[in-house]
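Below: one structure, written as structure tokens.
Taken together, the values in this text are just the output of simple stated rules run on the coordinates, not laboratory data. This structure is a prediction, so every number in the text was calculated from the model and none was measured. Virtual Cβ from ideal backbone geometry, glycine too; neighbours counted across all protein chains shown.
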Amino acid sequence: MPAHFLVHLPDAIDFETAAATMLKGLTAQYLLRRTFHVEAGHTILVHAAAGGGGLILTQWAKQLGATVIGTVGSPEKAELAHQNGCDDVIDYRKDDFAARVKEVTKGEGCHVVYDGVGNATFPGSLDCLRPFGYFVSFGSASGPIPPFDIMLLAEKGSLFATWPVLTMHLAKREDVLAMSHDLFEVVCERRGEDPNPCAYARNRGGRSAT
């Protein structure tokens, strides 16, 4: 493993937690803090909210003060999504998720949609957005999104659409450090640990992980 990707672990985070957290956690970091900067008061939609990535996105977004709507594919997954912070959960196998989002948001729509599903949820995801909202695609669990006329974004409300990838965000060493530090602070806070030691640990050295 190139030294470029090595990061120091805070004392409060063991190797097992780091190994289970890094890939999906760093993905959540660039989605929530870089692709669209989620803040308190934002309303977001997370597809596949009960999946590994969806659960991290939901918990982190709630910690930032956002209202989170999640889609799932079963009652069991709906319960899991609720337990991890979703304010509203939609079973897309039973309901028209775009119509339900409009109902839940009183017609306003979401500031951003995080879509790791792909073909099955596009272009319905666009209908969940308010004007100037962000459609963020980061996966294709149901197959790739087919080519579409870019004018569709104008017709749906002057929307933004993007497909960012983790490798680009980790291309610079300083970004690897900054993103992992941000992730570790959130993990510390959710565990009830003082987040400050996380910052100190990066500067003083310590155990390394990738």
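Data overview
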item: Placed amide H near Leu9: partners under 5 Å, 5+ positions off or other chain; result: Arg207, Ser208, Ala209
item: Over the chain: helical MRE at 222 nm, DSSP H runs n ≥ 4 each giving -39500 (n - 2.57), nearest 500; result: -11500 deg cm²/dmol
item: Estimated inter-spin distance, Leu170 and Glu189, nm [label 7 Å along Cα→Cβ]; result: 2.3
item: Projected-area average for segment 102-176 over all orientations - Cα convex hull basis, square nanometres; result: 6.0
item: For segment 38-100: rounded, prolate or oblate by the Cα gyration tensor [a/c cutoff 1.5]; result: oblate
item: Cα-derived Rg over Rh, computed across segment 38-165 with Rh taken as Kirkwood radius; result: 0.93
item: Loop-located GluC sites (Glu not before Pro) in segment 1-101 whose Cβ has at most 16 other Cβ within 10 Å (DSSP); result: Glu39
item: Loop sites in segment 85-131: trypsin sites (Lys or Arg not before Pro), DSSP, at most 13 other Cβ within 10 Å; result: Arg93, Lys94, Lys106
item: Ranked list, fewest to most other Cβ atoms within 10 Å of each Cβ, for Asp96, Asp149, Asp87; result: Asp149, Asp96, Asp87
item: For segment 8-61: span of alpha carbons on each principal axis (Å, largest first); result: 34, 21, 16
item: Electrostatic dipole magnitude of segment 38-165 [Cβ: Lys, Arg +1; Asp, Glu -1; Cα centre; debye, to 20]; result: 80
item: Greater than 24 Å apart at Cα, pairs in Lys62/Lys102; Lys106/Lys156; Lys24/Lys62; Lys77/Lys156; Lys24/Lys94; Lys77/Lys102; result: Lys77/Lys156; Lys24/Lys94
